[in-house]
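Since the structure comes first, as structure tokens, the remarks are kept for the end.
The values are calculated or read from the model by the stated rules, or taken from the named source; none is laboratory data. Small disclaimer: the values here were computed from a predicted structure and weren't measured. Surface areas here come from the heavy atoms of the whole protein model, side chains and all, with no ligands, DNA or RNA. Shrake-Rupley method; radii C 1.70, N 1.55, O 1.52, S 1.80 Å.
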Amino acid sequence: MVILLCSWTTKHINLYKLGSVLSDIQLSIAIVMEALFVQVLAAISTFLVIAVTMRLRAPGRIKYPPGPPAWPLIGSMFNNPATYPLAYKNWRAVYGPISYFRLLTQDVIVLNTREAANELLEKQSASYSDRPRQVMCGELMSWNRGIALCPAGARHRAYRKLVNSVLSADATKRAWSSHERAACAFVADLLLFSSYAASESTHPEASSESVKGRTSSGSEFISRLRHSIGTHAVEIIYGSEYTAEDGIEIEGGRGHLGMSARDAEDYIQNADEQHTLFTAAVLPFAYIVDWIPWLRYIPEATPFVHFKKIARQARRNLEALTWEPYLKARERIKCGCLQNSLVDVCFKSNPDPSPQEEECTAWAAMGAYTAGSDTTIAALTTVFLAASLNPEAQALAQLELDTIVGRERMPRLDDRPALPYVTAFVRECMRSVPSVPLGVPHRALNDDVLYGYFIPKGATVIANIRGMLHDPEVYSSPFTFNPARFLPRAGISTLPGIEGRAEPDLGSLPYGFGRRICPGMHMADSEVWIYTAMFLWAFNIKKSGADVSTGANHTVTQQPENWQSIKLSEGGIQCPIPFGVELAVRSEELKAVIQAEAV
Ligand code: HEM
């Protein structure tokens, strides 16, 4: 039926087209409308056939998992929970460990417990390592050429191998001193100001202003954090500038090779803009074309069709984001200025790469940068908010730091085992506001059954990470900020008198599952920990109602006693907004140590 309708349309258009060249504009409009009408009819018939077939597919009488109410054929299209991460928060209580909904022809499985996620995404990792088709974000904007949305297969394996060269546990340990330097520079940078405020305008998703990249207004605090994490990531992935003074003769007498500080600034800014578009588009079915894929073929000039223009610009910018820093790093490396960045390590192991291999490295590098920055910034923003809202927990962490590290030097990463409360503080932040609340969707490669429920081949599989971390059956009073939940019952020697609750450790849960687990988790863990430790060692932080940089009054809506009321940005990456904080260095003595170590 569908084929018949389509061929009828084509014939019809051709006949009319002949006339329309000669006759008036009205006729052309009528033709387009008619063609569109028939195409829509064709699409609806397709959905009808496919949807009915799909409902009949479950073998035997295996049920689909429970889920929200759905309409015949269209499923949960009008109350699409896929685009609202918070919509899943009570699903474990309502539907149990595994739930299901359908959007037109797309099956979506939501895993609400760690056990269910382990059963599918860890134990059968190979069958769930693919990503669902994402027409807008993946195909039209080109993000499926990067690692995070790349389909499972040889190219994805090659990407993972490349990024592991600098992100594996061992490689990360070798980079500890570089993380410490970056955290120390951040703290020293903050010393220059007496107080700061974080506000909506600084978050990439918070305003249309920021979507266009104008993020400089007001709040120094987060923009400084963004700058610090971004510059550090650029260094780890592309290396830093190499100047003639560094001891090498540079051809043509130019002053430097590689990424200059200015290039890094531009890169960070461009990456922010592209990643903002990415986080909005990566949510399942975020754009109409994700629901009706053939819309990708309609001309960009069609009225009311904005997604084609957005996609074209995003694709062009993503190419630039991928190639410009890579080519600069390559130029430096070819002149013999080798460093330890991801791109350098790739060239060391393969000094004469083919164009395909170069393309692979360039996209792997871009993918690692973009996946690693906003997630880490979101985690650290939560840390600072948590400290400002929980003065008691802040004071306990500082007491532990003073006792173990003292006041004559800054904390280091090898202090971590001796600082259990600081570590528990960081974990509690990552539990309270996981940066990636629904992970990145996986895709079932085969039909499967879990707990007696049918999982159809091709289903999008979402791990409800936030729901797992807020499950009251696992974490008592899940919306109360309490680092002691991660301490042993017997307490800790660094802070006698604190009663631990010995609740389940986070493990790698905030970082996803199976073959797609975050390859940057070791780096993120070390980075978030050292930034937190140095920051709490150096500053007292408290909440404030005013953004001192702009003078604008912000209402402090964040309530320490109930993290459910914390305002979060929407999208694939979650970050608390807005909040004001005041910082004060803890003593002149510490200020002198910071200034000395930051040199
Ligand atoms: C607090 C910080 C971070 C969090 C919470 C986080 C979380 C995640 C999550 C949940 C995923 C999806 C995993 C899945 O599909 O099951 C992911 C993927 C990924 N992350 Fe992270 N991440 C963080 C930092 C980083 C860093 C620092 C890097 C690199 C420098 C990085 C690189 C990546 C990459 C490349 C992927 C895609 C992996 C793939 O599809 O094979 N992440 N991350």
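For the range 63-189, what number results from the quotient of the Cα radius of gyration and 2.2 N^0.38 Å? Mind showing how you got there, number by number?
On the way: Rg = 19.7 Å, N = 127, 2.2 N^0.38 = 13.9 Å.
With N residues counted in the range 63-189, Rg over 2.2 N^0.38 Å equals 1.42.
How many percent of the accessible area of the range 345-420 is carbon or sulfur, using a 1.4 Å probe? Walk me through the numbers before you get to the answer.
Details: 1480 of 2740 Å².
Here it works out to 54 percent.
Throw me the Rg/Rh for the range 414-484, computed over C-alpha atoms with Kirkwood Rh, two decimals.
Value, to two decimals: 1.15.
How much of the calculated P(r) for the range 269-356 lies past 16 Å, in percent of all Cα pairs?
Numbers: 2511 of 3828 pairs.
When every Cα pair of the range 269-356 is considered, 66 percent fall beyond 16 Å.
To the nearest 10 Å², what's S493's accessible area with a 1.4 Å probe?
Estimated to the nearest 10 Å², S493 gives 110 Å².
How much accessible area per residue does the range 487-537 have, in Å², with a 1.4 Å probe? Each step should come with its number before you reach the end.
On the way: 1950 Å² over 51 residues.
Ligands and nucleic acids excluded, the result is 38 Å² per residue.
Can you run phi through the Karplus equation (6.51, -1.76, 1.60; θ = phi - 60°) for the range 291-296 and list ³J(HN,Hα) in whole Hz, with x for Gly and Pro?
Using θ = phi - 60°, the values come out as 7, 10, x, 5, 4, 4 Hz.
Quick one: what are the phi-derived ³J(HN,Hα) couplings along the range 436-449, Karplus 6.51/-1.76/1.60 with θ = phi - 60°, whole Hz, x for glycine and proline?
Coupling constants for the range 436-449: 10, x, 10, x, 10, x, 9, 9, 6, 8, 9, 4, 8, 9 Hz.
Output ³J(HN,Hα) for the range 509-514: one whole-Hz value per residue in order, computed from phi by the Karplus curve 6.51 cos²θ - 1.76 cosθ + 1.60 with θ = phi - 60°, and x for Gly and Pro.
Once θ is set to phi - 60°, the couplings for the range 509-514 become 3, x, 9, x, 9, x Hz.
Using heavy-atom solvent-accessible surface (probe 1.4 Å) with all chains present, what is the largest-first order of T480, T361?
On the way: T480 60, T361 15 Å².
Putting T480, T361 in descending order of accessible area: T480, T361.
Students often forget the sequence filter, so: which lysines lie under 28 Å Cα-Cα from K457 once same-chain residues fewer than 8 apart are removed?
Correct list for K457: K63, K89, K123, K161.
With a probe of 1.4 Å, find how much accessible area the range 272-418 has per residue, and write the answer as a whole number in Å². Spell out each step's value before the answer.
On the way: 6200 Å² over 147 residues.
Each residue of the range 272-418 exposes 42 Å² on average to a 1.4 Å probe.
Classify the range 93-159 as rounded, prolate or oblate from the Cα gyration tensor: take a ≥ b ≥ c as the square roots of its eigenvalues, call it rounded if a/c is under 1.5, otherwise prolate when a/b beats b/c and oblate if not. Can you show the working numbers first?
Values: a/c = 2.98, a/b = 1.44, b/c = 2.06.
Judged from the Cα gyration tensor, the range 93-159 comes out oblate (a/c at least 1.5, b/c at or above a/b).
Over the heavy atoms of T403, what accessible area does a 1.4 Å probe trace out, to the nearest 10 Å²?
Only protein atoms counted, so the area is about 90 Å².
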